[in-house]
Every structure is written in structure tokens, then in C-alpha cells.
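**Q** This is the structure I have questions about; it appears just below.
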Amino acid sequence: MAPVSPHARHDIVIVGGGLVGASLAIALERTGLDVALVEATAGDLPPVFDERNLSFADATVNALAALGVLPKLVAPGAPIRRIHVSRRGDFGRVWLDAADYGREAFGQVVVARDFGHALEARLRELPRLARYRPARFVGVDHGDDALRVRVADEAGERAVAARLLVGADGTRSHVRTALGIDADEHDYAQSLLVARLAAARDPDGTAYERFGEHGPIALLPRADRHFGAVMGVAAEEADAFVALDDDAFLEQFQQRFGWRAGRFIRVGPRSRYPAISLRARSVSTTRAVLVGNAAQTLHPIGAQGFNLGLRDALTLAELVARQPEDPGAGDLLAAYTKLRGEDRERTLAFSDGLARITSNPAGLLRPLRSAALLALDAAPSLQSALAGGAMGYRGEVPALCRAG
Ligand SMILES: Cc1cc2nc3c(=O)[nH]c(=O)nc-3n(C[C@H](O)[C@H](O)[C@H](O)COP(=O)(O)OP(=O)(O)OC[C@H]3O[C@@H](n4cnc5c(N)ncnc54)[C@H](O)[C@@H]3O)c2cc1C
């Protein structure tokens, strides 16, 4: 095992500098602790900061503003003022209007790459943060009052000591595996195609969720007069869809989505993602926790993954701020596990329900779904629950989410 040099001791080592790991490093700054961020990829930004459109819930917008990240955005986010949910061939539909809830918007749409640059700009302002990059987490050994976290870079492998290890290394988390935490995974047998689209009519602040027999479609209003589209297609059809030229793709998209956002006239390059969900059986063990996609990965159609992961990070940062003398203490990690339980379960169930039920073509389910959507449109209490979830206020939320 590599020796621990006197310079390589940290209070907290975060593995993964993606959306959640970077946000956590920023949220921990005010604790005054010695924090290190380990990121495997070289270059400007980790590849996860790509062209995907991120819908930030209101709670997320509040927290990112309070953390000083949103002011770093070069291009402003686009507000989501209304949400329209419908199913192709069915009767029901739901309209939610932020004004009915006394809000200007349910949240904002930000392009992941722009968000990555804003996070990076904020990370560079943190005087105490140690960064290991590019460096890969390769394993962990237990010591008396700290873990020995093994990382590899071009100089070879070394160990750094951590009183708390945070696995923020995404769906295929090596930290989770090294800690011996099992995870349950579901494959929706769908691929998600992401593209930037222009319509003859500019976006008006409405976000659309449309469910068809082939899979779900989400259309988000962007600030650049385009829509960010996510279209679910059966996994075996994905190659054919990716091969379509622009006109053929637009025609398919228009047919599946319909005309409520107008005629689609241009489309950019398409990228493709698998649709899976994953749930770690535990989110903490001795001196270690999981956050974000490492703890749970959601079907992207509900646009909840980062919003949920950020609430993991903020909850952890709040607990550490209250008890900075030992960030890896057993009672702190037990409190983290307990506090994250309800939000995690409910958000996983919500996203899974959207992805499964609405894409099931069984004829018998159809009237039930229509009835459910109609009931939702008519019942203010159900609508409030849906709107509360869309804004990120599900269960007990971290204090920073309520700032603003
Ligand atoms: C198409 C699509 C659309 C989405 N839209 C939304 C949305 O609208 N709203 C929303 O809230 N969420 C959305 N999501 C989900 C969101 O992207 C994820 O929830 C988020 O990326 C999770 O962040 P994370 O930091 O946990 O993991 P990641 O972002 O995957 O980051 C993990 C990081 O760990 C690093 N890493 C991996 N292994 C190692 C190692 N061994 N050592 C060191 N570093 C390592 C990786 O390089 C990476 O930088 C969407 C997802 C997709 C696919």
C-alpha cells in the first residue's frame, strides 16, 4: 500500500468533480475544513458537462444562487413558467402555471456545459480546496481514525488520508463498489436522444412532457430561442434514429410530439444516452457516503437527477457545518442516511412511475391514464403536490434551497 505523506491528509475527500461533487465542494467551503476534490478526466471540463439541457427546480436555483454559482453563468438560464403534461392519443392533460403558486417560475433551464463553466469559475475562487486532477480513485483501505484513499495519476498510485470519503463518481461508481455497497438497477430498454431544436414560434416559457407509445418526450424552453429536446426511443431503434438526416428527424419528432409548440424547423446534432435507474442499497458506511448518481440514478425524463443529487450534497454540507470536529462521525452519517430517505424514495418513485406507466402501450391502461391526468388537472391538492415536486420541495429540504 502506498504511504500517506504528511501533505496528503484531508478532512474530506470527494471523488468525482461532476455536477454534484463540484457543488458539494463549494457548499463545504464555509465549514473551513480541508477538502479535496478528485476528478478522473483531464481537460477543461469533465465530459458530463455536455449539451444536455438541465432543468433546475426552484429549490436548486435558490441554492445555486446562494452558493455563488449562478452569478457565474455567462448565458442566463431560461425560466419555466408553465408545465404541460399530455399523452399522445389520450384524453387527459395537465397544465401547471407558476403564477397560480405565487411564483414567477417553476425553475430554470441551463445547458450543462454552461453550468460546468460556472462551477469551475466558482471552484477556482476557493482558497482551501485541494484538487487532484486528472487523478482516478482506485481503492480504499480502513485505518483507525481515517480512510486511506488510493488515487492514481500519471506519476503512479498514492494514498491520501480522509476522515470522510464522499463517492460522487456517478452511476458506475468505483467508490460504491470499493465500499462493498450493492445497487439495484433497472434498464428501461430505451435510448434518449438529446438535441437542440428551433420552431417557427419562439419558446414562451412552457416546458412540455409528452408521453407516447414509443417513449417519452420532454421539450424545455432555452434562453437562446431554441428548445432543448429529449426523446425516448426503443433501444433497438436508436441506431436508425441517430442515422436520420435533419429533415427526417424533424418529421419523426413532429409526428411524435404534435403541434402544440408549433412547426419544428431546425435541429442540431443528436447525442444519445441509455435510460436506466439505479439505487444503492445504502448511502453510507464507516467514514464514507454516496451522493448524486452514485447513490441513485433516475430516468432523465422527470428532470430530477441533479436536483435530487444537489439536495444530497446540501444536506451533507449542513450536517458537517453543524459538527465540523469530525465530518466522518458515525452519528453524522446516520443522520445523513435518515434525512435523505424520504426525498430519495419519493423522487425515485416519481421518476420511475413517469417512465414506466406512461410508456406502457397496453390498451387497458389507457383510460386509467387519461382519468389520472384528468383528475390531476381538476384536483388542486394533487396539482400542488406535482408542482411542489417540480420545484424541488419534496420532503425535508436543505435550508439553502429555501433562500432567495
Ligand atoms: C439526457 C439527460 C438529461 C438530464 N436532464 C436533467 C435535468 O433536466 N435536471 C436534472 O436535475 N438532472 C438531469 N439529468 C441528470 C443529471 O445529469 C445527473 O443527475 C447528474 O449528472 C449527476 O451528477 P453526479 O455528479 O452525481 O454524477 P456525474 O455528473 O456523472 O459526475 C461523476 C464524475 O465523477 C468522475 N469520476 C468517475 N469515476 C471516477 C474515478 N474513479 N475517479 C475520479 N473521478 C471519477 C467523472 O469523470 C464525472 O466527472 C439528466 C441526465 C441526462 C442523461
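The values are calculated or read from the model by the stated rules, or taken from the named source; none is laboratory data. Keep in mind that this is a model prediction, so the values were computed, not measured. Note: ideal-geometry Cβ built from the backbone for every residue, glycine included; neighbour counts use all protein chains shown. Accessible surface is based on the protein model in full, side chains and every heavy atom, while ligands, DNA and RNA are left aside. Shrake-Rupley method; radii C 1.70, N 1.55, O 1.52, S 1.80 Å.
**Q** Scan segment 121-164 residue by residue and report those that are touching a Gly at 6+ places or on another chain (Cβ under 9 Å), closer than 30 Å to P71 by Cβ and of a type in the set (K, R).
**A** Result: R122, R128, R131, R133.
**Q** Can you pull out the residues in segment 30-44 that are of a type in the set (A, V, I, L, M, F, W, C) and either under 17 Å from N293 (Cα atoms) or open to solvent by 30 Å² or more (accessible area, probe 1.4 Å) (or both)?
**A** Result: L37, V38, A40, A42.
**Q** Could we say that A25 is farther than 23 Å from H299 by Cα, of a type outside the set (S, T, N, Q), more than 13 Å from the chain's Cα centre (by Cα) and surrounded by fewer than 21 Cβ atoms within 10 Å (Cβ to Cβ) here? Working first, answer last.
**A** Details: farther than 23 Å from H299 by Cα: yes; of a type outside the set (S, T, N, Q): yes; more than 13 Å from the chain's Cα centre (by Cα): yes; surrounded by fewer than 21 Cβ atoms within 10 Å (Cβ to Cβ): no.
It is false that A25 is farther than 23 Å from H299 by Cα, of a type outside the set (S, T, N, Q), more than 13 Å from the chain's Cα centre (by Cα) and surrounded by fewer than 21 Cβ atoms within 10 Å (Cβ to Cβ).
**Q** Tell me which strands (runs of 3 or more DSSP E) are completely within segment 165-281 and hold 3 or more residues being over 19 Å from S351 (Cβ atoms), or say none if there are none. Walk me through how you get there before you give the answer.
**A** Values: elements: 183-199, 206-212, 215-221, 227-234, 264-267, 271-280.
Fully inside segment 165-281 and qualifying: 183-199, 264-267.
**Q** Related question: Out of the residues in segment 170-194 that are of a type in the set (A, V, I, L, M) and near the ligand (Cβ under 7 Å from one of its atoms), state the one that is surrounded by the most Cβ atoms within 10 Å (Cβ to Cβ). Even if it seems obvious, please write down each step before you answer.
**A** The first filter runs over segment 170-194 and keeps only residues of a type in the set (A, V, I, L, M), leaving 175, 178-179, 181, 183, 189, 192-194.
After this cut, where a residue has to be near the ligand (Cβ under 7 Å from one of its atoms) as well, the list is 192, 194.
Working: L192: 23, V194: 21.
It comes out as L192.
**Q** Another one. Report, ordered by the first and then the second residue, all pairs with beta carbons closer than 7 Å, sequence separation of six or more or different chains, a first member in segment 299-324 that is under 23 Å from D352 (Cβ atoms) and modelled with pLDDT of 95 or more, and a second member that is away from the ligand (no atom under 14 Å from the Cβ) and not charged (D, E, K, R).
**A** These pairs meet every condition: R311/V397; R311/P398; T315/Y336; T315/L339; T315/P398.
**Q** Would segment 99-115 turn up any residue that is part of a helix (DSSP H, G or I), open to solvent by less than 10 Å² (accessible area, probe 1.4 Å) and out of contact with any strand residue (DSSP E or B) (no Cβ under 7 Å at 6 or more places or on another chain)? If you could, list the steps in order and put the result at the bottom.
**A** Our first condition is that a residue be part of a helix (DSSP H, G or I); within segment 99-115, this holds for 99-101, 112-115.
Add one more test, that the residue is open to solvent by less than 10 Å² (accessible area, probe 1.4 Å), and what stays is 112, 115.
Next, from what is left, pick out any that are out of contact with any strand residue (DSSP E or B) (no Cβ under 7 Å at 6 or more places or on another chain): none.
No, the conditions are met nowhere in segment 99-115.
**Q** Could you list all residues from segment 153-169 that are within 16 Å of the ligand (Cβ to nearest atom) and open to solvent by 20 Å² or more (accessible area, probe 1.4 Å)?
**A** Hits for segment 153-169 are D153, E154, A155, G156, E157, R158, D169.
**Q** Looking at segment 27-44, I want the residues that are among the aliphatic types (A, V, I, L, M) and have a partner that is part of a helix (DSSP H, G or I) and modelled with pLDDT under 95 with Cβ atoms under 6 Å, at least 6 apart or on another chain. Which pairs are those?
**A** none
**Q** Among the residues that make up segment 231-246, is at least one of them over 28 Å from L64 (Cα atoms), away from the ligand (no atom under 15 Å from the Cβ) and touching a helix residue (DSSP H, G or I) at 6+ places or on another chain (Cβ under 8 Å)? Working first, answer last.
**A** Residues of segment 231-246 that are over 28 Å from L64 (Cα atoms), as a first pass: 232-246.
In the following step, the residues that additionally are away from the ligand (no atom under 15 Å from the Cβ) were identified as 234, 236-237, 239-240, 243-246.
From what is left, the residues that are touching a helix residue (DSSP H, G or I) at 6+ places or on another chain (Cβ under 8 Å) are 244.
Yes, segment 231-246 contains a residue that is over 28 Å from L64 (Cα atoms), away from the ligand (no atom under 15 Å from the Cβ) and touching a helix residue (DSSP H, G or I) at 6+ places or on another chain (Cβ under 8 Å).
**Q** If you don't mind, there's one more thing I want to ask. Report the residue count in segment 323-350 for those that are over 26 Å from R163 (Cα atoms) and out of contact with any helix residue (DSSP H, G or I) (no Cβ under 9 Å at 6 or more places or on another chain). Steps first, answer last, please.
**A** Taking segment 323-350 and keeping what is over 26 Å from R163 (Cα atoms), we get 342-343, 345-350.
With out of contact with any helix residue (DSSP H, G or I) (no Cβ under 9 Å at 6 or more places or on another chain) added as a condition, the list becomes 342, 345, 349.
Residues in segment 323-350 being over 26 Å from R163 (Cα atoms) and out of contact with any helix residue (DSSP H, G or I) (no Cβ under 9 Å at 6 or more places or on another chain): 3 in total.
Condition check ((1) crowded, with 18+ Cβ neighbours inside 10 Å; (2) of a type outside the set (K, R)) across all residues:
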| position | (1), (2) |
| --- | --- |
| R81 | yes, no |
| H84 | no, yes |
| W95 | no, yes |
| L126 | no, yes |
| R133 | no, no |
| V140 | yes, yes |
